Amino acid sequence: MRNSSIIVHQGPPTVIRLDRDRTWDAVCLARGVYVPLAGFMGKADYEAVLRTMRLTDGRLWPLPITLPVPDPSWAALKVGDVVELAGAAGFSGLLEVAETFRRNLAAEADFVYGTREPAHPGVNRLLAEPEGAVAGTVTVVRWPARAFPELYWPDEVQSMLQKHRFRSVAFFQTRNPLHRAHEMLLKIALEQVDALVIHPLVGPTKSDDVSASVRMDTYRALIANYFPSHRVFLAVFPAGMRYAGPREALFHAIVRKNYGATHVIVGRDAAGVGAFYPPDAARKLVADYATEIGVTPLTFDAFGYCPRCDGIASARSCPHQSAWVTLSGTELRRRLIGGEPIPATLIRPEIASILQEAYRIPPEEV
């Protein structure tokens, strides 16, 4: 896992260089994606969020959003200092220091991730960061370049949904290419709501995940060929994955509400990784706070291809689950790397073709 520590160059003025994750956190704070947050957290909110999943004013917020700065630069910063932020994709901004404090990284790992195990990618990244942090609101000087034309902000998505007069809109979080079981799930969701927003996370994920640019091509192809384009929309979520399981699933629900969601599709082991979280823990936590957030969770039983039924089937309606053929992300990558065919019963040919072409290109060119 990459080390996302932020390098600081001292001198008048101080420049804090942001990695990609912190760049998009800064932008999301400035564009209302992370409402109710107005800026990078101070100590009181940080500690309250760790222990209670609430800000000091009582509003629900499950993840700490902080700006770490390494020593000795952190120690030199004072309240009232104005620092420059230099980030990825041409981003630049200003931050007036409201507070400096030290994070408790071990406690953060315990509360947010439920583990200190370095094999957990979120923990691995966290424990490599400096403890010192700076609080304050962000003023954007130059917005980052949009890597995808489907990057829209909450006010833009809300305006589009209102223009169409949709009364119910489901958002679907994903960081993977979508196979036939996903497609079935989304079409069932469309039977329950007026519109669907496929809202893929395109920030940094695990190194073995399919790249965001390739995934975006697959989402476009799927919508163009297999969904009603006047009811299904594609918009990206630029933040990175934290792999914080239930807490991150709750964070995603709050963020999607900010974009205009009335419903959120919560998958099995949403925002999880490996075997760190119980499969239904994320669904339970989102359900517990759904009324407070103002969204309706949509959950579905497992889907898979049943050779005996000759189609995608659900655990509720198919008696042949032991005969199912499924396509996990690991299995998909294995087939792609090995140049093996991917059956059309598992993934649409248009999607398979895009993925197979991408895996014939050296990764640094994708």
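Quick notes
- Filter pass, Arg165 being of a type in the set (D, E, K, R) and under 19 Å from Tyr243 (Cα atoms): no
- Contact map, the range 187-213: first residue over 17 Å from Ala88 (Cα atoms) and touching a residue at least 60 places away in the same chain (Cβ under 8 Å), second residue assigned to a loop (DSSP other than H, G, I, E, B) and of a type outside the set (D, E, K, R), Cβ cut-off under 6 Å, separation 6 or more or different chains; pairs are Val193/Ser168; Val197/Ala235; His199/Ala235; Val210/Pro177; Ser211/Val366.
- Qualifying residue in the range 346-355 (condition: assigned by TED's automatic domain parsing to the domain that holds Ala224, within 27 Å of the chain's Cα centre (by Cα), within 19 Å of Arg220 (Cβ to Cβ) and of a type in the set (Lys, Arg)): yes
- Qualifying positions in the range 165-186 - assigned to a loop (DSSP other than H, G, I, E, B) and either in contact (Cβ under 8 Å) with a residue 40 or more places away in the chain or in contact with an Asp or Glu (Cβ under 7 Å, 6 or more places away or on another chain) (or both): Phe166, Arg167, Ser168, Arg175, Asn176, Pro177, Leu178, His179
- Strands (runs of 3 or more DSSP E) fully within the range 227-346 that include at least 1 residues being surrounded by fewer than 18 Cβ atoms within 10 Å (Cβ to Cβ): 296-298, 311-314.
- Members of the range 78-103 found to be surrounded by 20 or more Cβ atoms within 10 Å (Cβ to Cβ) and closer than 19 Å to Pro13 by Cβ, listed by number: Val83, Leu85, Gly87, Phe91, Gly93, Leu95, Thr100
- Asp71 assigned to a helix (DSSP H, G or I) and farther than 20 Å from Ala239 by Cα: no
- Subset of the range 149-168 [under 29 Å from Lys206 (Cβ atoms) and either of a type in the set (A, V, I, L, M, F, W, C) or buried (at least 18 other Cβ atoms within 10 Å of the Cβ) (or both)]: Leu151, Tyr152, Trp153, Pro154, Val157
- Top-ranked residue in the range 16-34 [being assigned to a helix (DSSP H, G or I) and not aliphatic (A, V, I, L, M); ranked as nearest to Asp71 (Cα to Cα)]: Arg22
The values are calculated or read from the model by the stated rules, or taken from the named source; none is laboratory data. Just so we're clear, the structure is a prediction, and the values are computed from it rather than from any experiment. No Cβ is skipped: glycine too gets one built from the backbone with ideal geometry, and neighbour counts run over all protein chains shown.
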